[in-house]
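Input: a single structure, listed below in structure tokens.
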Amino acid sequence: GLPYLGMMFMAIGSGYIATVCISSGIATTVAMRRVFNTIGHWFTAVVFIALTFSNCNRAFAVTLIFIAISLSGAVRAGYDVNHIDIAPQHAGVLMALCNFGVNAASIGSPYVMAEITSDSKSLSIWNASFFIVAGIFFVGNLIYIIFVSGTEQSFNRGMNKSVS
């Protein structure tokens, strides 16, 4: 449970920092979403790559996993609240659709990893799985960085254009 406590503190801290930076004009909403999503994904990817150097040192590996899960809390100030930025009236539906996609992939990932790591005694196989995870974090965040928006989208207002 300790990694999730770290994630909670990271989520609260990153949300606070993002709010202060946006409200004081230090950074734009999009910049803060990019920064915290990158911390939550690319820094976590680096930690997964670092896991390949653990050489079965349990204390080092557990520490790295704690760091990775804690850092992932930064996405709460990244993509998690971005739905509210772009479509506050439909944020729940957008979050549901995004979570559906992520959870659909999560259903299949244990089966894929079980196939990859079927020879669980081979360190190189486990290292390959960590590189795959890091690659998914990297590519996913790169796509987010390219396409993120912090402005309200036209579909938020629906058919009634006179809503203010």
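Filter region 34-63 for residues that are more than 20 Å from ILE12 (Cβ to Cβ), touching a residue at least 24 places away in the same chain (Cβ under 8 Å) and among the polar types (S, T, N, Q) and give the result.
The answer is THR52, ASN55.
Could you check PHE53 against (1) among the aromatic types (Phe, Trp, Tyr); (2) open to solvent by 50 Å² or more (accessible area, probe 1.4 Å); (3) under 19 Å from PHE130 (Cα atoms); (4) in a helix (DSSP H, G or I) and say which number it fails?
(4)
Could you list, in sequence order, the residues of region 22-50 that are open to solvent by 40 Å² or more (accessible area, probe 1.4 Å) and among the aromatic types (Phe, Trp, Tyr)?
TRP42, PHE43, PHE48
Open to solvent by 80 Å² or more (accessible area, probe 1.4 Å), assigned to a helix (DSSP H, G or I) and over 21 Å from PHE138 (Cβ atoms): does that describe THR19?
Yes: the conditions hold for THR19.
THR151 passes all but one of (1) in contact (Cβ under 8 Å) with a residue 60 or more places away in the chain; (2) part of a helix (DSSP H, G or I); (3) not acidic (Asp, Glu); which number fails?
For THR151, the failing item is (2).
I'd like to know if region 97-119 contains one or more residues that are surrounded by 14 or more Cβ atoms within 10 Å (Cβ to Cβ), modelled with pLDDT under 85 and either more than 24 Å from THR38 (Cβ to Cβ) or in contact with a Ser or Thr (Cβ under 9 Å, 6 or more places away or on another chain) (or both).
yes
Test ALA61 against the criterion of being modelled with pLDDT of 90 or more, over 21 Å from ASN141 (Cα atoms) and more than 18 Å from the chain's Cα centre (by Cα), and give yes or no.
yes
The values are calculated or read from the model by the stated rules, or taken from the named source; none is laboratory data. All of these numbers come straight from a predicted model, not from anything done at the bench. As a convention, Cβ positions derive from the backbone with ideal geometry for all residues, glycine included, and neighbour counts pool all protein chains shown. Heavy atoms of the whole protein, side chains included, go into the accessibility calculation; ligands, DNA and RNA do not. Shrake-Rupley method; radii C 1.70, N 1.55, O 1.52, S 1.80 Å.
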